[in-house]
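Have a look at this one before I ask anything.
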Number of protein chains: 2
Amino acid sequence: MKTILYPEKNIWNSLCKRPSMDNKDIEVVIREIIESVRSDKDKAVFHYSAKFDGASPENLKVSHTEIEEATGQVSEKLKSAINVARSNIEKFHSAQLLAEPVIETSFGVKCWRKNVAIEKVGLYVPGGSAPLFSTVLMLGIPAKLAGCKKIIICTPPGKDGKVSPLILYTAHLIGITEIYKVGGAQAIAAMAFGTESIPKVYKIFGPGNQYVTKAKELIQQSGISIDMPAGPSEVLVIADGTANAEFIAADLLSQAEHGPDSQVVMLTDNQELISEVKAGLEKQLQQLPRKEIATKALENTMLILLPSLDDCISFSNEYAPEHLIINVSDSGILAKKVINAGSVFVGGFSCESAGDYASGTNHTLPTNGYARSYSGVSTESFLKKISFQEMNRDGVINLGPVIEIMAEAESLYGHRNAMSIRLKSLQND
Amino acid sequence: MKTILYPEKNIWNSLCKRPSMDNKDIEVVIREIIESVRSDKDKAVFHYSAKFDGASPENLKVSHTEIEEATGQVSEKLKSAINVARSNIEKFHSAQLLAEPVIETSFGVKCWRKNVAIEKVGLYVPGGSAPLFSTVLMLGIPAKLAGCKKIIICTPPGKDGKVSPLILYTAHLIGITEIYKVGGAQAIAAMAFGTESIPKVYKIFGPGNQYVTKAKELIQQSGISIDMPAGPSEVLVIADGTANAEFIAADLLSQAEHGPDSQVVMLTDNQELISEVKAGLEKQLQQLPRKEIATKALENTMLILLPSLDDCISFSNEYAPEHLIINVSDSGILAKKVINAGSVFVGGFSCESAGDYASGTNHTLPTNGYARSYSGVSTESFLKKISFQEMNRDGVINLGPVIEIMAEAESLYGHRNAMSIRLKSLQND
């Protein structure tokens, strides 16, 4: 843990730097996996699943029976919690489907845009140490709301060849039943190019380890789009003397337990708070099952003292955190000054885990400073907006000469002629 | 030109394939340029400008004097045409700034999203044979409407070290005065990493040749975002027996003149129309200054006869054209069936060049089938949407237990604790 007191502005930039992820060495391996899946399809998928995941599922596709069985394996208490989360996520993501008006830009010229779902999408749900069924909600619900026709999930099976019933139950609940037992780069390649069992999709979503991330980066070069580039998860907390230090310690730890590379930062204008938070961290850390991971992440944690809360928000805007918790006496005012962040938690009662699961916002967010130019996943991520224009005779008469002059100035006489020929046809009428 | 009569559905897929752009051979060169600009900055920029563009401008930045002089070099007729286009583009792109409502997802839990401009953006405007001042309008206007603080333009100078007055005039008109005389991959690298003269930006927009395109693809790996991947420009026309064959020929040629690799397709349910369009093409081609380019593009042009207009729209949806012109007796009905396209021109009077310049829609659109998952450039392309949530005591009491149960089911006890500690604080109240 590093405590940094009043850093000069000219070193903010270096404090905002994330550890560089030099994964060029894995690029060769991942390219090989992609090419292999592209040409050998299912055969390659089975090969890499056995090699990397030690899994040899009989079929890649999860059967109806497996999905039905899952329902019985989830407790009623958890089912009803998932239902609350689902309802909140649905409410918030439905509100993102706004229809734009038709605009008559010139007399006789109408323009509009239409939301159209991406037909085929693939959702990657990591397996590993814990079954991330919340990711199924966060990706599946907006995909359904957008109206995507084909929604498939790829998720790695355990060594027993099975997928967690929690993932199957949640997927089924929101209406997704096409689930494939495959993880890693081979899953991304399979969705990008299609195999005998797994259909090709147009856009791939979801978090994953460095192999999944690299595979997503590389398949973009073949025209398949992805939700966003990824890096280790992050939280930045801005707090003042009114904040509860135990809350802050808990928030920092909830990020630290994600992985040893988690980025955890606190900014404050109150030096005493730093000592209190440190004490809270030490105490709470002892009770965490993922203590080892969190301890490692805390090594790089920065607790930074700055002259004012305005400096804190300026630093945060330079850092562009994935998650920003604002825990000060008037959090609402500071929240209005946010320029770069993925998702913002306003006030002492708004903890990050609320957004991770159930407040309604999406938890798939830009990390690694990408929040400067990327938004988190939303219903819009599953849509294209197609533009339309319709000109009638008045439109041609009105706008025709403008287009002729501009096309000529760009020396594009074919462009001009497409307009001239229509103008002439009207003069002959 | 290929006339294809009633192709079987199982070969549609191969007809929809674009020529593969295997530009792996240029990747090494472009990587070298990027690395060189990243380390040697301005020095490298000057070096490559001299090497590739034969240009040695004194300063990289266009001076105020140069911008002022440009105003006198543009005819009044063209100025007023540009003003009409500007007004239409502004009207249509302002309508895209919709505010979403605040949603109370559960009692005591409010969620919302806010449009926030990307602070620093770079617009690439190609030079070459014609000064594409229309690109300045199409990228600059939405950047201004979004509220981007720093908007810079890079555009290659001629061998005389000067930039076209048309580009300077248009940029100044819409309020952009930070213009740099640099093109090619070196311009993209300069905007991605910054040099002594050229500031670093967070997102880069604009069309360009294969070097520019490859550079944009590669700098993405360093976390700089781009508008969209690019390929050769395309038009697909759907027409029936009521369409004016001369209009169609003019539309096909306006695309063909872009470059020898332009993709030009016509679909119809009327065999006679194919002969008429062919005759029109031969006649009109003779009058085009860019005849040579268009002739080359026409070699790959496909005129396809299909059984019905519904087949035509199905084929078009599979092709996912950048520009789609619907020229049939009831174009509005067919337009409703569009699933994949960049921009749609509805009815016989709506030519593509209208959208290229002045109807109000954007002309920066997804090519190469990317319209299956990408939208064209819009005001939103210059924004991020940041999500916010605010929970009060009621929210914690209401949603707290849900979050505890879900976090526990994912074995994330730090996440659970961040909620539990808040719940407990309220019980002690």
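The values are calculated or read from the model by the stated rules, or taken from the named source; none is laboratory data. Since this is a predicted model, take the numbers as computed values, not measurements. Cβ: placed from backbone, ideal geometry, glycine included. Neighbour counts: every protein chain shown. Heavy atoms of the whole protein, side chains included, go into the accessibility calculation; ligands, DNA and RNA do not. Shrake-Rupley method; radii C 1.70, N 1.55, O 1.52, S 1.80 Å.
Touching a strand residue (DSSP E or B) at 6+ places or on another chain (Cβ under 6 Å) and crowded, with 24+ Cβ neighbours inside 10 Å: is that true of B:G414 in this structure?
Here the answer is no, as B:G414 does not meet what is asked.
How do the pairs read when you match residues in the stretch A:199-224 that are at the interface with another protein chain (Cβ under 10 Å from one of its Cβ atoms) with residues anywhere that are among the acidic types (D, E) and surrounded by 21 or more Cβ atoms within 10 Å (Cβ to Cβ), using Cβ under 9 Å and keeping only pairs 6 or more apart or on different chains?
A:K203/A:D227; A:I204/A:D227
A further question on this structure: Is the stretch B:166-180 home to any residue that is more than 21 Å from the chain's Cα centre (by Cα), within 14 Å of chain A (Cβ to nearest Cβ), of a type in the set (S, T, N, Q) and surrounded by 24 or more Cβ atoms within 10 Å (Cβ to Cβ)?
Looking through the stretch B:166-180, none of the residues is more than 21 Å from the chain's Cα centre (by Cα), within 14 Å of chain A (Cβ to nearest Cβ), of a type in the set (S, T, N, Q) and surrounded by 24 or more Cβ atoms within 10 Å (Cβ to Cβ).
Any chance the stretch B:80-99 includes a residue that's farther than 22 Å from B:S378 by Cα, of a type in the set (D, E, K, R) and either outside any loop (DSSP other than H, G, I, E, B) or not assigned by TED's automatic domain parsing to the domain that holds B:S197 (or both)?
So far as the stretch B:80-99 goes, no, none of its residues is farther than 22 Å from B:S378 by Cα, of a type in the set (D, E, K, R) and either outside any loop (DSSP other than H, G, I, E, B) or not assigned by TED's automatic domain parsing to the domain that holds B:S197 (or both).
Cβ contacts < 9 Å: first residue over 23 Å from A:A230 (Cβ atoms) and not assigned by TED's automatic domain parsing to the domain that holds A:M302, restricted to the stretch A:1-22; second residue open to solvent by less than 90 Å² (accessible area, probe 1.4 Å) and charged (D, E, K, R), any location; separation 6+ or different chain. Result?
A:M1/A:K278; A:T3/A:K278; A:K9/A:D311; A:W12/A:E318
Within the stretch B:33-46, identify whether any single residue is open to solvent by less than 70 Å² (accessible area, probe 1.4 Å), polar (S, T, N, Q) and under 24 Å from the mean Cα position of the chain (by Cα), and answer yes or no.
No; the residues of the stretch B:33-46 include none that is open to solvent by less than 70 Å² (accessible area, probe 1.4 Å), polar (S, T, N, Q) and under 24 Å from the mean Cα position of the chain (by Cα).
Okay, residues lined up against (1) assigned to a loop (DSSP other than H, G, I, E, B); (2) surrounded by fewer than 24 Cβ atoms within 10 Å (Cβ to Cβ); (3) touching a residue at least 12 places away in the same chain (Cβ under 8 Å); (4) within 8 Å of chain A (Cβ to nearest Cβ):
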{"position": "B:S350", "(1), (2), (3), (4)": "yes, no, yes, yes"}
{"position": "B:S353", "(1), (2), (3), (4)": "no, no, yes, yes"}
{"position": "B:H363", "(1), (2), (3), (4)": "yes, no, yes, no"}
{"position": "B:A371", "(1), (2), (3), (4)": "no, no, yes, yes"}
{"position": "B:G376", "(1), (2), (3), (4)": "yes, no, yes, yes"}
{"position": "B:G395", "(1), (2), (3), (4)": "no, no, yes, yes"}
{"position": "B:L399", "(1), (2), (3), (4)": "no, no, yes, yes"}
{"position": "B:I405", "(1), (2), (3), (4)": "no, yes, no, yes"}
{"position": "B:E408", "(1), (2), (3), (4)": "no, yes, no, no"}
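Of a type outside the set (S, T, Y), within 23 Å of the chain's Cα centre (by Cα) and either part of a loop (DSSP other than H, G, I, E, B) or not assigned by TED's automatic domain parsing to the domain that holds B:P142 (or both): does that describe B:P307?
Judged against the criteria, B:P307 is not a match.
Restricting to the stretch A:100-133, what's the tally of residues that are touching a residue at least 12 places away in the same chain (Cβ under 8 Å) and in contact with a strand residue (DSSP E or B) (Cβ under 7 Å, 6 or more places away or on another chain)?
20
Within the bounds of the stretch A:379-392, is there any residue that is in contact with a helix residue (DSSP H, G or I) (Cβ under 8 Å, 6 or more places away or on another chain), closer than 28 Å to A:T268 by Cα and in a helix (DSSP H, G or I)?
Checked the stretch A:379-392: no residue is in contact with a helix residue (DSSP H, G or I) (Cβ under 8 Å, 6 or more places away or on another chain), closer than 28 Å to A:T268 by Cα and in a helix (DSSP H, G or I).
Under 6 Å by Cβ, and 6 or more places apart or on different chains, what pairs join a residue from the stretch B:258-285 that is more than 20 Å from B:L305 (Cα to Cα) with one that is not in a helix (DSSP H, G or I)?
Here the result reads B:H258/B:S233; B:D261/B:P232; B:S262/B:P232; B:S262/B:S233, each pair linking the stretch B:258-285 to a residue that is not in a helix (DSSP H, G or I).
Something else: What number of residues within the stretch A:142-162 satisfy the criterion of being in contact with an Asp or Glu (Cβ under 6 Å, 6 or more places away or on another chain) and either under 28 Å from A:L97 (Cα atoms) or assigned to a helix (DSSP H, G or I) (or both)?
Selection size over the stretch A:142-162: 2.
Continuing with the same structure: Suppose we filter the stretch A:48-78 for residues that are under 24 Å from A:M191 (Cα atoms) and open to solvent by 60 Å² or more (accessible area, probe 1.4 Å); how many remain?
Of the residues in the stretch A:48-78, 8 are under 24 Å from A:M191 (Cα atoms) and open to solvent by 60 Å² or more (accessible area, probe 1.4 Å).
Let me ask another. What number of residues in the stretch B:248-263 are crowded, with 22+ Cβ neighbours inside 10 Å and either outside the structural domain of B:K336 (by TED's automatic domain parsing) or more than 15 Å from B:D356 (Cβ to Cβ) (or both)?
So the answer is 3.
Would you please list the contacts, defined by Cβ atoms under 7 Å and residues six or more apart or on different chains, that run from a residue in the stretch B:145-163 that is under 26 Å from B:K91 (Cα atoms) and open to solvent by 20 Å² or more (accessible area, probe 1.4 Å) to a residue that is modelled with pLDDT under 95 and in a strand (DSSP E or B)?
Nothing qualifies.
Next question. Please indicate, with yes or no, whether at least one residue in the stretch B:131-143 is surrounded by fewer than 22 Cβ atoms within 10 Å (Cβ to Cβ) and in the same structural domain as B:I204 (by TED's automatic domain parsing).
No, there is no match, as no residue in the stretch B:131-143 is surrounded by fewer than 22 Cβ atoms within 10 Å (Cβ to Cβ) and in the same structural domain as B:I204 (by TED's automatic domain parsing).
For the stretch A:319-347, enumerate the residues that are within 8 Å of chain B (Cβ to nearest Cβ) and assigned to a loop (DSSP other than H, G, I, E, B).
Within the stretch A:319-347, A:V338, A:I339, A:N340, A:A341, A:G342, A:G347 qualify.
Quickly run through the stretch A:233-245 and pick out the residues that are within 17 Å of A:M1 (Cβ to Cβ) and either open to solvent by 10 Å² or more (accessible area, probe 1.4 Å) or within 12 Å of chain B (Cβ to nearest Cβ) (or both). Before the answer, list the steps.
First, the residues of the stretch A:233-245 that are within 17 Å of A:M1 (Cβ to Cβ): A:234-237, A:239, A:245.
Hits for the stretch A:233-245 are A:V235, A:V237, A:A245.
Shifting gears a bit: Do we find that A:S316 is at the interface with chain B (Cβ under 9 Å from one of its Cβ atoms) and outside any loop (DSSP other than H, G, I, E, B) in this structure?
no
So, of the residues in the stretch B:79-130 that are open to solvent by 50 Å² or more (accessible area, probe 1.4 Å) and aromatic (F, W, Y), which turns out to be nearest to B:A192 (Cα to Cα)?
B:W112
So which of B:I274, B:I293 is crowded, with 17+ Cβ neighbours inside 10 Å and within 14 Å of chain A (Cβ to nearest Cβ)?
When all the criteria are applied, what remains is B:I293.
Would you mention how many residues in the stretch A:86-118 are farther than 20 Å from A:K384 by Cα and within 7 Å of chain B (Cβ to nearest Cβ)?
Residues that pass the stated criteria total 5.
On to the next question. Restricting to the stretch B:1-17, name every residue that is in contact with a strand residue (DSSP E or B) (Cβ under 6 Å, 6 or more places away or on another chain) and open to solvent by less than 70 Å² (accessible area, probe 1.4 Å).
Those that are in contact with a strand residue (DSSP E or B) (Cβ under 6 Å, 6 or more places away or on another chain) and open to solvent by less than 70 Å² (accessible area, probe 1.4 Å): B:T3, B:I4.
Give the number of residues within the stretch B:187-208 that are touching a Leu at 6+ places or on another chain (Cβ under 7 Å) and open to solvent by less than 40 Å² (accessible area, probe 1.4 Å).
Taking the stretch B:187-208 and keeping what is touching a Leu at 6+ places or on another chain (Cβ under 7 Å), we get B:197-198, B:205-206.
After this cut, where a residue has to be open to solvent by less than 40 Å² (accessible area, probe 1.4 Å) as well, the list is B:198, B:205-206.
So the count comes out to 3.
Separate question: Just checking, how many residues over the stretch A:378-393 are open to solvent by 10 Å² or more (accessible area, probe 1.4 Å), within 30 Å of A:L137 (Cβ to Cβ) and within 7 Å of chain B (Cβ to nearest Cβ)?
Total satisfying the criteria: 1.
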